[in-house]
1. Name, by its number, the condition in (1) part of a loop (DSSP other than H, G, I, E, B); (2) surrounded by 13 or more Cβ atoms within 10 Å (Cβ to Cβ) that does not hold for I45.
2. Does I6 count as touching a strand residue (DSSP E or B) at 6+ places or on another chain (Cβ under 6 Å), open to solvent by 90 Å² or more (accessible area, probe 1.4 Å) and touching a residue at least 60 places away in the same chain (Cβ under 8 Å)?
3. What number of residues in region 65-75 are touching a helix residue (DSSP H, G or I) at 6+ places or on another chain (Cβ under 6 Å) and modelled with pLDDT of 95 or more?
4. Output the number of residues of region 53-75 satisfying the condition of being closer than 16 Å to C21 by Cβ and open to solvent by less than 70 Å² (accessible area, probe 1.4 Å).
5. For region 47-64, what are the residues that are modelled with pLDDT under 95 and among the β-branched types (V, I, T)?
6. Among all residue pairs at least 6 apart or on different chains, which show Cβ distances below 7 Å where the first residue, located in region 21-44, is without any contact (Cβ under 8 Å) to a residue 24 or more places away in the chain and the second is surrounded by 11 or more Cβ atoms within 10 Å (Cβ to Cβ) and in a strand (DSSP E or B)?
7. State yes or no: is A32 over 14 Å from L7 (Cβ atoms), among the aliphatic types (A, V, I, L, M) and either open to solvent by less than 80 Å² (accessible area, probe 1.4 Å) or modelled with pLDDT of 90 or more (or both)?
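The values are calculated or read from the model by the stated rules, or taken from the named source; none is laboratory data. Just so it is clear, the model here is predicted, and its values are computed rather than measured. Here the Cβ positions follow ideal geometry from the backbone for every residue, glycine too, while neighbour counts run over all protein chains shown. With ligands, DNA and RNA removed, areas are computed over all heavy atoms of the protein, side chains included. Shrake-Rupley method; radii C 1.70, N 1.55, O 1.52, S 1.80 Å.
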Amino acid sequence: MKLERILLIRTYAPVTHPSLCPPLGLMYIASAIRNASEQARAIRILDMRPEAMTPDQMRKEIESFRPDLIGISSL
């Protein structure tokens, strides 16, 4: 199985606190994949929160990146 392009997504949730923290969990996962895999050439993190991205906008991002694997984080 080819896993050259990996997309990790943090889904949108309304933010109650004015400061946004980066998706550290997804950043750790991306780092671990990069260190463990010779195949992974492009790892992208899509954070839907800062711009309140809609599911349709997310779909467009997925279609443009064309990942081999998608990981989704949510609470």
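1. Only one criterion is unmet by I45, namely (1).
2. So I6 fails the test.
3. Total satisfying the criteria: 0.
4. 1
5. T54
6. M27/I45; R34/I43
7. Answer is yes for this residue.
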